[in-house]
Amino acid sequence: MTESEQSSVGTSGELLLLWSLPVVSLFWIGAFLAFPGFVQPMPPGLSAQEVAAFYFDPANLPRIRYSMIVFNWFGVALIPFLMLIALQIRRMAHRTPILSYCFIGCIAGGPTLFCIADLFWLIAAFRPERDPALVQLFNDMAWITFTSQVSFLVAQSVFLAMAIYLDRQGRPVFARWVGHFNLLIAAALAPAAFAPMALEGPLAWDGVLSFWVKNGAIALWIGVMGLVVGQAILRQRRQEGAAA
Amino acid sequence: MTAALAIPAPVPPPASRLGRIAWQWRHNPKLELWLAWYTIVVFYNVFGIVFFVVTRTKPPPKAWWGLPRIVEWFAENRLGLLTGFGTIFFMGAFATASTALIVYSIRRMSVSPAFAWSYRLLYSLAAVPGMLLTCIALVAGAMRLDRDPRLLGLLYDMGFLSFSGTMGIFLVGSVVWAVAILLDRNGVLPKWFGYFNICNALTEVVVATCCIVKEGPFAWNGVIAFYINMVVFGIYTGVFITYLKQMIEHEEPERDYLPNRLALL
C-alpha cells in the first residue's frame, strides 16, 4: 500500500460522521422542544407537590418520557464529532500528543453526565404513586447534573484553544479565532457550575446565565465547530488528493 | 511541516518577568508538557482547598452520625458546599491533564501501548463516580435544607460512599502503571516508584471496609479507611507530580519526543 493510499484510509468516512451531526441535531432539537421542562425551564423553587404534579400531569408525562428516551438514544452521538476534532488536533504541528490526550480524556465525560441526568429524569417520571419528596429529589439531581456539570466541556474547550494557539505552522489546521472562540465558550459555561446556589434569578437552573447562556453556548459551539471541522476535513482531503 | 517540528534556534530570554513568560510561550520546546504539568499542580491545589477548607468534607464527618446531626452538618456547611463544589463542577475535568501526562510517560517506556491505553481508559471516567457523584449528592443536600431529613441522610451516605467509588480504577490503574514502570528499560521513572504504585493500589483494598462498617478505624472517617489512606495518597500524588516534572526536565526534545502525528493511539 502506498503512503497516499494509507492516508486516504485515514479520512475515509469522516465526512459521513460529520454529516451525522446535523441529522442527530434534529433529534436533539426535537427532544428539547418535546420536554415540557425545557421550553419554559422548570423553576427550582417549586415545592415537592408542584414538582410531582408537573411530572404526572397527563399532558406532560408522555412528553417527559419520550423526549428523555430520544435524548438517551442520541445524546452520546456527539462523541464521533468530538473524535473528529481530536483527529484534527493530531494533525497540528505539536511536538507531543499531550494536548490530544487531554482533549480525548474529556470527550466521554460530557455525554456520560448528560446520560446520567437523563436517567434521573426518567426515574423521577417512572412511578406516579411515589412520594413527591422522592420525585423532587430525582428532579433536583437531574437538573444539577444537567446544568452544573460543565467541567468536561470547559476543559475540552480550553485544551482545544491551547492546541490551536500552539499549532505553529504556515497553514494551521484551525484559524486562531477558533481558539479565542473556544475560550469565550468556556467563559460562557462557567456560571452554570454554580447554579445550585440560587433558587431564582439569572444563576438558578432556569435562569438566563445557567440555562439560556449555557445551552446557547453549547449549541453555538457545536454549530461553529461543525463548520470549521468540515472545512478542515475538506482541505485535508484536497491535500491528500493532490499528493496522490 | 517538518520545519515546524524542528527545534528552533535558541533565542535568549529577555530580562523582564513578563518578557520571560512571553519567551517561554514562544520558544520553550517543552511548552505543551509544561502546560499539562502546571494544570495538574493547579488542579490538585484547588482540589485540596475545596475538599479540606471550603467544603470541609475532608477529613470527612462521621459515618455514625444520626439524622439531626447530619441535617445540622448540611446547614453549617451549606455555602461552602455550594461554592466549593461549584468550583469543582467548573474545573474538575482539568484532572484529565494528569492522566494525559501519565499516559505520555507510559508511551515513552519500552512497553506495549496497551499499558498506556489501559491506563487512559481506566481513568477517563474516574472523575464521574469518584468525585462528581460525591459533589452532586452533597450539593443536592445543601441546596434544599428543608428536605425530609431521611433524604438528607441518604444524600450524605451517597456523597461519602461515592468518594470511594473509584476503588477499582485506582487499584487496577496503579498496578498497570506499576508493571509498566518495572518492565521499562528506558528509565523514564524510577523503579522504586513502581513499587510505590503497588502500595497505593493496596490502600484501595483497605478503603473497601467503609462500605460495610459505620464506626471505628474502618469507617469512612476512620484511622485506616481515611487517614492512612489519605496520607499514602497524598505522598503518592506529591511524588508522581515531582517525578513527572523531572521527566519533563530530563527530556531531550530531539531524542525523546513522541511527535503528535506519529504517536498512533
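The values are calculated or read from the model by the stated rules, or taken from the named source; none is laboratory data. If you're wondering where the values come from, they're calculated on a predicted model, not measured in any experiment. Every residue, glycine as well, gets a Cβ built from its backbone with ideal geometry; the counts of neighbours run over all protein chains shown.
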* Positions within region A:113-157 being of a type in the set (Phe, Trp, Tyr) and either buried (at least 24 other Cβ atoms within 10 Å of the Cβ) or in contact (Cβ under 8 Å) with a residue 24 or more places away in the chain (or both), in sequence order -> A:Phe114, A:Phe120, A:Trp121, A:Trp143, A:Phe146, A:Phe152
* **Answer residue from region B:52-90, given it is crowded, with 22+ Cβ neighbours inside 10 Å and under 16 Å from the mean Cα position of the chain (by Cα) and is farthest from B:Tyr123 (Cα to Cα) among those** => B:Phe85
* List every residue pair whose Cβ atoms sit under 7 Å apart, with the two residues 6 or more apart in sequence or on different chains, where the first one lies in region B:164-189 and is among the basic types (Lys, Arg) and the second, anywhere, is outside any helix (DSSP H, G or I). => B:Arg185/B:Ser110
* Structure fact -> Only one of (1) buried (at least 20 other Cβ atoms within 10 Å of the Cβ); (2) modelled with pLDDT of 95 or more; (3) charged (D, E, K, R) does not apply to B:Arg107, and that is (2)
* Structure fact -> Within region B:104-147, the residues that are outside any helix (DSSP H, G or I) and among the aliphatic types (A, V, I, L, M) are B:Met109, B:Val111, B:Leu125, B:Ala126, B:Leu145
* **Members of region A:197-233 found to be touching a Leu at 6+ places or on another chain (Cβ under 8 Å) and either free of Cβ contacts under 8 Å to residues at least 60 places away in the same chain or not in a helix (DSSP H, G or I) (or both), listed by number** => A:Met197, A:Pro202, A:Leu203, A:Leu209, A:Ala217
* Given the conditions (1) of a type outside the set (Phe, Trp, Tyr); (2) buried (at least 21 other Cβ atoms within 10 Å of the Cβ); (3) more than 30 Å from B:Arg255 (Cβ to Cβ), report the number of the one that B:Met167 does not fulfil. => (2)
* Would you check which residues across region B:82-116 are under 27 Å from B:Leu189 (Cα atoms), facing chain A (nearest Cβ under 7 Å) and either in contact with a His (Cβ under 9 Å, 6 or more places away or on another chain) or touching a residue at least 24 places away in the same chain (Cβ under 8 Å) (or both) and list them? => B:Gly92, B:Ala93, B:Phe94, B:Thr96, B:Ala97, B:Thr99, B:Ala100, B:Leu101, B:Tyr104
* Structure fact -> Filter region A:93-112 for residues that are more than 7 Å from chain B (Cβ to nearest Cβ) and in contact (Cβ under 8 Å) with a residue 40 or more places away in the chain; the one that is nearest to the chain's Cα centre (by Cα) is A:Gly110
* Test: residue in region B:22-30 that is surrounded by 20 or more Cβ atoms within 10 Å (Cβ to Cβ), within 14 Å of another protein chain (Cβ to nearest Cβ) and in contact with a helix residue (DSSP H, G or I) (Cβ under 6 Å, 6 or more places away or on another chain) -> no
* Would you check which residues across region A:160-188 are touching a residue at least 24 places away in the same chain (Cβ under 8 Å) and within 8 Å of chain B (Cβ to nearest Cβ) and list them? => A:Met162, A:Leu166, A:Arg168, A:Gln169
* To do: Only residues that are in contact (Cβ under 8 Å) with a residue 40 or more places away in the chain, surrounded by 14 or more Cβ atoms within 10 Å (Cβ to Cβ) and either β-branched (Val, Ile, Thr) or out of contact with any Cys (no Cβ under 9 Å at 6 or more places or on another chain) (or both): list them for region A:54-73, please.
  => A:Tyr55, A:Phe56, A:Leu61, A:Ile64, A:Arg65, A:Met68, A:Val70
